[in-house]
1. May I ask you to say which residue of 526, 522, 615 is among the hydroxyl-bearing types (Ser, Thr, Tyr), touching a Pro at 6+ places or on another chain (Cβ under 9 Å) and open to solvent by less than 30 Å² (accessible area, probe 1.4 Å)?
2. Of all residues being free of Cβ contacts under 8 Å to residues at least 24 places away in the same chain and of a type outside the set (Val, Ile, Thr) in the range 165-199, which is least open to solvent (accessible area, probe 1.4 Å)? Just the residue, please.
3. If residue 180 meets every condition in (1) modelled with pLDDT of 85 or more; (2) more than 28 Å from residue 74 (Cα to Cα) apart from one, which number is that one?
4. Can you report the number of residues in the range 279-291 which are within 18 Å of residue 205 (Cβ to Cβ) and open to solvent by less than 10 Å² (accessible area, probe 1.4 Å)?
5. Open to solvent by 10 Å² or more (accessible area, probe 1.4 Å) and either among the hydroxyl-bearing types (Ser, Thr, Tyr) or more than 20 Å from residue 431 (Cα to Cα) (or both): does that describe residue 574?
6. Taking the residues in the range 230-278 that are basic (Lys, Arg) and over 27 Å from residue 595 (Cβ atoms) as candidates, determine which candidate is surrounded by the most Cβ atoms within 10 Å (Cβ to Cβ).
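The values are calculated or read from the model by the stated rules, or taken from the named source; none is laboratory data. Everything quoted here is computed from the prediction, not taken from an experiment. Counting neighbours? That spans all protein chains shown, and the Cβs are built from the backbone with ideal geometry, glycine included. Heads up: the accessible areas ignore ligands, DNA and RNA and are worked out on the full protein's heavy atoms, side chains in. Shrake-Rupley method; radii C 1.70, N 1.55, O 1.52, S 1.80 Å.
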Amino acid sequence: MKQFCVSCLFPMLLTAQTAQLTEQLGKTVLYEDIALSPDGAHLAWVQSTAATTSKQTFVRGTTGSEPATMVNIASTSERTDSGPAWSPDSKTVAFFSTAGEKGQAQLWTVNADGSNPQKHTHLNGYAARPRWSHNGKQIAFLYIEGAGGGGPLMAAPAATGVIDTAIHNQRIAVLDIATGQLRQVSPPNLHIYDYDWSPDDKTFVTTAAPGPGDNNWWIAQIYTIDIAKGNATSIYKPSLQVAVPRWSPDGKSIGFIEGLMSDEGFHGGDLFTISANGHDALNRTRGHKGSVSSLFWQMPDRILFTETVGGGSAISELTLANNSVRTIWKGAEDLHAFGNFPNFAVSKDGKFAAAERSSFETPPEIWAGPIGEWRQLTSNNSAHTSMWGKAENLEWMNDGFDIQGWLLPPARLESGKKYPMVVLIHGGPSGAVTPDWPASFGMSRAIVAALAARGYYILMPNPRGSYGQGEDFTRANVKDFGGGDLRDILAGVDAAITHYPIDSARLGVTGWSYGGYMTMWTVTQTNRFRGAVAGAGIANWQSYYGENLIDQWMIPFFGTSVYDDPAVYEKSSPIHYIKNVKTPTLVIVGERDAECPAPQSYEFWHALRTLGVPTQLIVYPGEGHLFIKPENQVDRLDRTVAWFDKYLK
């Protein structure tokens, strides 16, 4: 019946304008996993389009005008590539590809010009993130033998039979290139999330925890692993979350990020260093008004890093001698390396960089050159133009906090006319809205374009709990979900109405994940909004604790488990205030969402239906937290627009 609801009503719902916009955005060429050779002379990346799942590796030089070359390793381009990584001598790039393997990724290498492809493995299981040893003789990668992976964003497998009896840990595998010998070198009882070779190629530094891996990233520690012996030693147990461990060039220190992070792969926090033996852990950016997202050692006393600052990004340099930070470049863009959807890389000496750059109005392309002096290398998206207006940086104050957000207007504004506005609340909560072209893998950001193209203002706030203003700001909603952050958002609504031609009687609210929760929460706290769309939301924090597959993420935000302090969970639960709701609310979720399970959406919808509030629930078959199927992406977009059109126009 669910399949009938999604597919049979689809032709009636899809408007011509939405179809045109979806087709345009779906043709957007996307660039992921940007990899720059150590000498800065060559680039590799993974290329796809927003409406397809096939991804291919491309290579090209950073100078000259020669076009990029797709690496040809099979008779078909229908494949999924990932993780290109350059050899230390900049002559060879390694990457994973499913070419000819029916979905199984294998490790390949090609020359810098894309020639001489060679397959090196016969793996059975999930594999990702290849990295060369410093001597160029070995390639390490993350491997889950005999099992799938990819993290909790993906659709959860069906859970039947005896639950929680099999744990498949992600380990570090090392391939000897000359002999083809493959061995797993990390302990079988640890799930490895990220890693880095030591300068002498004898030790790995990792972030790791006992399995299950999807759940325990939030309690990961920093370990060193003796490659010859295979034993792991914990050198740092953090108070919060850790990410991106990296060796200093002299092997004496390790840099990493620590902070309050709500999602694996979306990093933000302070920059720390620790000695290789686990002593003298130091917070190098305490009080800094930014959130570090990735780091690169340049010299033993200097670290280059990317950070979220306000609603944009910066590239900065830390001098360890005095912990001083110098901003090299800052802009209204999203730049970061490592983690999920990396789009930035630097050469070994830190003087040359490459990035996938875009904004709300400018589609993505590849740029390279000295930092801040990049030259555009691709033009695959030159035909795309925005069907919406120029985004405005909006700033306001609330409760003593400086709050920032982005306001996207319709393409054409008529004098004297007022327009409806939809508030789009980002996920996380540890995250931030930064300018980005509204087409991506999963098409989750396309709603911004669809609504603006149909005459809506879109307010995208970064309230307390967001990245961009330092750790104190990110932690400001701990034990207060929906409290201060909702007040920040409502103050932003007031600021937008004051300064722009927005009709205060035609307001909508939407969001996904934490944004879906905030949508549910908002309609229980105020009747200012005439329409709402809650995507992958959370209605009841108490029942949610026992339903999701990642309950460890909740402890840092609520202070303890629901069994020890149920009251702190109850006070932020929308279901507790459900009788206040008057706002018509559309509820959307993926059938196999492991992060925000479908029963949460069902519970909220069931309550609204019982209370006579206009509502509808759509459960998309087979989808997880990140929607993969193009037909479901389009249907979700069209139904969201139709809901707001019905109640706001």
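1. Details: 526 fails: touching a Pro at 6+ places or on another chain (Cβ under 9 Å); 615 fails: open to solvent by less than 30 Å² (accessible area, probe 1.4 Å).
Going through 526, 522, 615 in turn, the sole match is 522.
2. Step one: list which residues in the range 165-199 are free of Cβ contacts under 8 Å to residues at least 24 places away in the same chain, which gives 165-166, 179, 181, 183, 188-189.
Applying the additional criterion that residues be of a type outside the set (Val, Ile, Thr) yields 166, 181, 183, 188-189.
Working: 166: 68, 181: 110, 183: 91, 188: 90, 189: 98 Å².
Only one residue tops the list, namely 166.
3. (2)
4. Residues meeting the conditions: 0.
5. Values: open to solvent by 10 Å² or more (accessible area, probe 1.4 Å): no; either among the hydroxyl-bearing types (Ser, Thr, Tyr) or more than 20 Å from residue 431 (Cα to Cα) (or both): yes.
Answer is no for this residue.
6. Within the range 230-278, the subset basic (Lys, Arg) is 237, 246, 252.
Those left that are additionally over 27 Å from residue 595 (Cβ atoms): 246, 252.
Values: 246: 21, 252: 13.
Result: 246.
Every residue, every condition in (1) open to solvent by 20 Å² or more (accessible area, probe 1.4 Å); (2) out of contact with any Asp or Glu (no Cβ under 9 Å at 6 or more places or on another chain); (3) closer than 29 Å to residue 203 by Cβ; (4) in a loop (DSSP other than H, G, I, E, B), yes or no:
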| position | (1), (2), (3), (4) |
| --- | --- |
| 84 | no, no, yes, no |
| 90 | no, no, yes, yes |
| 95 | no, no, yes, no |
| 99 | no, no, no, yes |
| 102 | yes, yes, no, yes |
| 109 | no, yes, yes, no |
| 114 | no, yes, no, yes |
| 121 | no, yes, yes, yes |
| 129 | yes, no, yes, no |
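Quick grid of which residues meet (1) within 26 Å of residue 62 (Cα to Cα); (2) touching a helix residue (DSSP H, G or I) at 6+ places or on another chain (Cβ under 7 Å); (3) among the polar types (S, T, N, Q); (4) modelled with pLDDT of 95 or more:
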site	(1), (2), (3), (4)
327	yes, no, yes, yes
335	yes, no, no, yes
375	yes, no, no, yes
391	no, no, no, yes
